[in-house]
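Take a look at the structure set out below.
The values are calculated or read from the model by the stated rules, or taken from the named source; none is laboratory data. Note that the structure is predicted; figures quoted are calculated from it, not measured. Reconstructed Cβ throughout: ideal geometry from the backbone, glycine too, with neighbour counts over all protein chains shown. The protein model used for the area step is the full one, side chains on, heavy atoms only, and it has no ligands, DNA or RNA in it. Shrake-Rupley method; radii C 1.70, N 1.55, O 1.52, S 1.80 Å.
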Amino acid sequence: MSGTEIKTISIVGLGLIGGSLAKAIRHSHPDWQITGTDIEEKHLALALKEGVMDKGTTSLEEAVYNAQVIFVCAPVGAIPGLIKEIAAHAPAGAIITDTGSTKEAIVRTAMECLPPGVFFVGGHPMAGTEHSGYAASIPHLFENAYYVLTPLPSTPAWVINRLTSLLSSIGAIPLVMDPQLHDRIVGAISHLPHVVASALVNAVQEIDDPQHFKERLAAGGFRDITRIASSSPQMWRDISLSNRQRLVELIESTVRHLNAFCKYLDEGSADEIEDFFWRAKKFRDSLPRLQSQVLLPYHDLYVDIQDRPGIIGEIATLLGQHSINIKNLRIINSREDEPGGCLVLSLADAVSLEKARQVLTEEGYKTYVK
């Protein structure tokens, strides 16, 4: 199997991620056989109509019986059960991988249930949009996006290399990582912020305000740091439970910092309060994606683009022709919690942002604003 060329792919779940994977693989490898399975027959019908898949079925057994690579693209709470079911039907030599946003529990399930000769590599594409479902899928979703892989200790090197090569071929940037480390890191940079944002919103909404001034005045920083509180409650319930041990540790650490700040306030410790803010500022300013923009009042426009030569030049030229000045631009490689699009244009003011959005939309580009 290690020397066999990949020819058959199975994708379990044709939502945003699964549909985008199918489209990306079809675009990069038009001769591969792609089979998709989903509980929603309308997703299968649309994918078949668009030529994204060669075969669609609602039977999981039928979908995976001869697949060389099987992508499990389902809500994180459903993935362990699907892996157990797939393990009973996957052919010898098959590579199973998932797209869940936590890895430790999923990897443990794979270690417990996979038969000899069937291999597993956990996966987490750091990409997405604010939309969901097959209709929202796009073939370039993974271009220039980090794609974390968490193999089992027993996973052969050729399996990791094969999956890395496949993901690179659709434009992704594979990163191989220990599953426990992955869950610690995404718990800190993704899961904890969702909990904190929701806690902040819940605290603010409890303020006694019969005239609803808080709703009218809520803007700027409050809206920026609480945007992610609008994410799917069901999805974040499952993610939180799947990473509960790490998340509890992170929440307890956050509470310690808040308690310390309360103590500084009670004692009127001006130096300690200032140091609290300085330490946070120093680390945040060091983050690569913020280095050139920290404290600058720019307005960001997210643009959904394909990775091809000249595309950034085309956009810059187009905006220049309309006298729109780009203050800064960057490519987002880790964009799971972003509104959509991998190119971010920083503009001087809201008027320039709206004008740029109108110009790009008229030219067929998809744009998003936080």
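Counting only residues 5 or more places away or on other chains, whose amide H sits under 5 Å from the amide H of V76 once H atoms are built in the peptide plane?
Amide H neighbours of V76, under 5 Å, 5+ apart: S101.
On a full-extension model of 0.36 nm per residue, what is the gain between E62 and H212, subtracting their alpha-carbon distance, rounded to one decimal in nm? Show your work: numbers first, answer last.
On the way: separation 150, 0.36 × 150 = 54.00 nm, distance 5.58 nm.
That works out to 48.4 nm of additional length.
Residues in region 11-38, backbone N under 15 Å from the label point at K84 (7 Å along the Cα-to-beta-carbon vector): list them, ranges by number please.
Residues passing the 15 Å test: none.
Based on alpha-carbon atoms only, what is the radius of gyration of region 190-267 relative to the globular estimate 2.2 N^0.38 Å? Intermediate values should be presented prior to the final figure.
Values: Rg = 14.6 Å, N = 78, 2.2 N^0.38 = 11.5 Å.
Working it through for region 190-267, the quotient is 1.27.
Under 5 Å between amide hydrogens, which residues at least 5 positions from V176 or on another chain qualify, with H placed 1.01 Å from N in the peptide plane?
Sorted by chain and number, the residues that satisfy this are L149.
When only Cα pairs under 8 Å and 6 or more residues apart are kept, what is the percent relative contact order across the chain?
Details: 599 pairs, mean separation 53.6, N = 370.
So the answer I get is 14 percent.
Out of G100, G320, G268, any idea which swings most in a Gaussian network model of the chain, alpha carbons joined below 10 Å?
Fluctuation is largest for G268.
In square angstrom, what is the accessible area per residue of the chain with a 1.4 angstrom probe?
Working: 18980 Å² over 370 residues.
Each residue of the chain exposes 51 Å² on average to a 1.4 Å probe.
So what is the calculated 222 nm ellipticity per residue for the chain, using -39500 (n - 2.57) for each DSSP H run with n of 4 or more, over all residues, to the nearest 500 deg cm²/dmol?
Values: 15 runs with 167 residues, N = 370.
After summing the helix terms and dividing by residue count, I get -13500 deg cm²/dmol.
Sort the following peptides by mean Cβ neighbour count (other Cβ atoms within 10 Å, averaged over residues), highest first: 5-14, 246-255, 177-186, 73-82. List each step's numbers first, then the result.
Values: 5-14: 21.8, 246-255: 14.9, 177-186: 18.2, 73-82: 20.1.
Result, highest mean first: 5-14, 73-82, 177-186, 246-255.
Taking 30 Å as R0, compute the FRET efficiency from the Cβ-Cβ separation of Q306 and A92 and round it to 0.05. Please list the in-between numbers first.
Details: r = 37 Å, r/R0 = 1.24.
After rounding, the FRET efficiency stands at 0.20.
Once both labels are modelled 7 Å past Cα along the beta-carbon direction, what's the F222-T317 spacing in nm?
4.6
First measure r as the distance between the Cβ atoms of W278 and I173, then evaluate 1/(1 + (r/R0)^6) with R0 = 30 Å and state the FRET efficiency to the nearest 0.05. Mind dumping the intermediate values first?
Numbers: r = 33 Å, r/R0 = 1.11.
The pair W278/I173 has a calculated efficiency of 0.35.
Please list, in chain and number order, the residues 5+ apart from G122 or on another chain whose amide H is under 5 Å from its amide H, with Hs placed from the backbone.
Here the answer is T150, L152, since their amide H atoms fall under 5 Å of that of G122.
Rounded to two decimal places and with Rh computed the Kirkwood way over Cα pairs, what is Rg over Rh for the chain? Could you put the intermediate results ahead of the total?
Numbers: Rg = 22.7 Å, Rh = 22.6 Å.
Rounded to two decimals, Rg over Rh is 1.00.
Take each complete run of DSSP H in the chain, measure how far its Cα atoms stretch along the helix's own axis, and keep only those covering 27 Å or more with mean Kyte-Doolittle hydropathy at least -0.5; list them. Let's see the in-between values first.
Numbers: long enough: 244-267 (34 Å, -0.38).
Span-like helices here: 244-267.
Which value, in Å to one decimal place, does the Kirkwood hydrodynamic radius take for region 92-230 when every pair of different Cα atoms is included?
For region 92-230, the Kirkwood estimate is 17.7 Å.
According to a simple spin-label model (label point 7 Å from Cα along Cα-to-Cβ), what is the distance in nm between C113 and S231?
Modelled inter-label distance: 2.5 nm.
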